[in-house]
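Note sheet for the following structure.
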Amino acid sequence: MLREDLRLTGTKRGCDEGECGACTVLVDGQAVDACIVAALSVNGARVETVEGLAEPGGELGRLQRAFIEAGAVQCGFCTPGLLMTLTAFLRERGSATPDEIREAIAGNICRCTGYSQIVEAVQMALAAP
Ligand code: FES
Ligand code: FES
């Protein structure tokens with residue numbers, strides 16, 4: 001529904017089985033795998049997709065900029081899901097260790113980066129004013 005009816009194609013379709021995290025969106029602030037959530041079941045809830053992460057002027061948000069600066073975007077297929085997972089994570093905390101960041105993204109598969117640049121990006125975003 002997100003991709004085909006609403007044309008919100010930032011949310012990616014990967015495994016379709018709740019395993020890869022490429023389709024992660026936020027439902028009332030909680031990160032969920034959209035591929036295993038029926039649209040009717042979130043009727044009335046607030047659903048956030050990666051399209052909503054831009055700042056009011058249309059500029060990229062702090063975490064998005066940090067991903068680019070840290071080299072955490074390579075093919076980019078995993079990026080929207082990671083950004084959504086990490087947005088929920090960062091809304092709850094002002095600091096995190098590398099191990100805590102890795103744990104937070106355990107449900108998001110990235111085949112390109114080896115995850116180190118993603119962890120670095122989160123640390124950069126946390127340190128940003
Ligand atoms: S597409 Fe892989 S978890 Fe949804
Ligand atoms: S950047 Fe390619 S899968 Fe993560």
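The values are calculated or read from the model by the stated rules, or taken from the named source; none is laboratory data. Nothing here was measured: the structure is a model prediction, and the numbers come from that model. In this analysis, Cβ positions are derived from the backbone assuming ideal geometry, glycine residues included, and neighbour counts consider all displayed protein chains. Just the protein is used for accessible areas: all its heavy atoms, side chains included, with ligands, DNA and RNA removed. Shrake-Rupley method; radii C 1.70, N 1.55, O 1.52, S 1.80 Å.
Numbers for the structure displayed
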quantity	calculated
Leading residue by the ranking (farthest from T49 (Cα to Cα)) among those in segment 18-31 that are open to solvent by 20 Å² or more (accessible area, probe 1.4 Å) and more than 16 Å from ligand 2 (Cβ to nearest atom)	G18
Residues of segment 1-17 classified as near ligand 1 (Cβ under 7 Å from one of its atoms) and either exposed (fewer than 15 other Cβ atoms within 10 Å of the Cβ) or modelled with pLDDT under 95 (or both), total	3
Among the candidates G71, G107, residue that is on the phi > 0 side of the Ramachandran plot and modelled with pLDDT of 95 or more	G71
Qualifying residue in segment 45-60 (condition: closer than 21 Å to D5 by Cβ, away from ligand 2 (no atom under 14 Å from the Cβ) and more than 15 Å from the chain's Cα centre (by Cα))	yes
Cβ pairs under 7 Å, 6+ apart, first in segment 115-129 and on the phi > 0 side of the Ramachandran plot, second modelled with pLDDT of 95 or more and assigned to a helix (DSSP H, G or I)	Y115/R102
